[in-house]
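Contents: one structure, followed by commentary.
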Amino acid sequence: MITAASLLAAEENNPLLPHTYELVVGIFSFAVVLLVVGKMLVPRIQKTLEERTEAIEGGLKRADAAQAEAEETLEQYRAQLAEARHEAARLREQAREQGAQIIAEMREQAQVEARRIAESSQAQIEAERQQALARLRAEVGELAVELASRVVGESLEDEARQRRTVDRFLEELEERARAQAGEQVS
């Protein structure tokens, strides 16, 4: 059994327990390191941490501002796009109206031109008819005068007499034509 004295002796030589002078030097050294770290390194570390915090917060603020600006720009873009679509629709409608108006004007011009051509043609036909009628009268008159002079046996060389005879003959022909037309209508 181990006696108390041997335990005490064993405690003094215990390698796990430090000597007193080592404890004092260790505590003094720890205090110096603690002061140096506390006075020099902690402010620098805190300053660096604050700078990083400010940089991160500033970056977040800038990101928020950029996002807000992007959203505002997007809204402006959407508004401009909607306005452009509205303007395009208005221009298409205006173009349709102008197209319809141009078509109506062109139809009206075509109708006016067709009427003018028809009237011009009618006038030309009437003029040609009058010329043909005058030529026909002249030829019929000559034939009638020649025939009458053969039948009558007298000369119808006199111009006034010739005209009266031709006019009388043509009037008789017109009366017969009217009478036949009246019979056909009945």
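Any chance you could count how many residues in the range 153-186 are at pLDDT 75 or above, under 20 Å from GLU139 (Cα atoms) and among the aliphatic types (A, V, I, L, M)?
3
Would the range 2-19 turn up any residue that is at pLDDT 90 or above, of a type outside the set (Phe, Trp, Tyr) and open to solvent by 100 Å² or more (accessible area, probe 1.4 Å)?
No; the residues of the range 2-19 include none that is at pLDDT 90 or above, of a type outside the set (Phe, Trp, Tyr) and open to solvent by 100 Å² or more (accessible area, probe 1.4 Å).
Of these, GLU22, GLU75, GLU57, which one is open to solvent by 100 Å² or more (accessible area, probe 1.4 Å) and part of a helix (DSSP H, G or I)? Explain how you work it out, then say what you get.
Numbers: GLU22 fails: open to solvent by 100 Å² or more (accessible area, probe 1.4 Å); GLU57 fails: open to solvent by 100 Å² or more (accessible area, probe 1.4 Å).
Step by step, each of GLU22, GLU75, GLU57 is checked, and only GLU75 is open to solvent by 100 Å² or more (accessible area, probe 1.4 Å) and part of a helix (DSSP H, G or I).
The values are calculated or read from the model by the stated rules, or taken from the named source; none is laboratory data. The structure displayed is predicted, hence computed values, not measured ones. Surface areas here come from the heavy atoms of the whole protein model, side chains and all, with no ligands, DNA or RNA. Shrake-Rupley method; radii C 1.70, N 1.55, O 1.52, S 1.80 Å.
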